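Working notes, structure below.
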């Protein structure tokens, strides 16, 4: 990770300082993933990560089958699976694929649905010093109040990563 990858952000630290400092801790945490659950909009905006999200299988809950780009765009990669029978099934499949590792959720709508279904154990927010003004709001519509407990904060020059445990 390098500050140079984020236009407009300060570049006061070198790449080697980032890799050995907070960014290394964040990278270690990132590597705990065993599967990705990504909303359809997020997956399509990211072009399905080219069919490969760091070698992790990608599960996309959707009400309809994938478009042609997802079906044939990555013929040598079998990591992208569209799940059309609900969020519970998508999460179960992602957990089975992840084994004893984490399932990482990408996309506000999918995270909201997982929170509402009561199957999300943790939430990690990546707060960047950029206000986009577009996209979906993560927490504007929830079925009830959900209490969180901060478990870790990792501050890097490009973002502050806050991990919360969902209280039940």
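Only the coordinates and a few stated rules stand behind these numbers; no lab work does. Every value quoted in this text rests on a predicted model; they were computed, and no experiment measured them. Note that each Cβ is placed from the backbone with ideal geometry, even for glycine, and that neighbours are counted across all protein chains shown.
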Query - Ranked 89, 144, 62, criterion: other C-beta atoms within 10 Å, fewest first - result: 144, 89, 62
Requested in this report: Within 10 Å, count the other beta carbons around each residue, average over each peptide in 53-59, 101-107, and list them highest first.
Outcome: 101-107, 53-59
Query - Sorted by Cβ density within 10 Å, fewest first, the residues 126, 63, 48 - result: 63, 126, 48
Query raised in the report: Using the per-residue mean of other Cβ atoms lying within 10 Å as a proxy for protection, in what order, highest first, do the peptides 150-159, 31-40 fall?
Result: 31-40, 150-159
Report summary line: For 148, 120, ascending order of other Cβ atoms within 10 Å (fewest first) is 148, 120
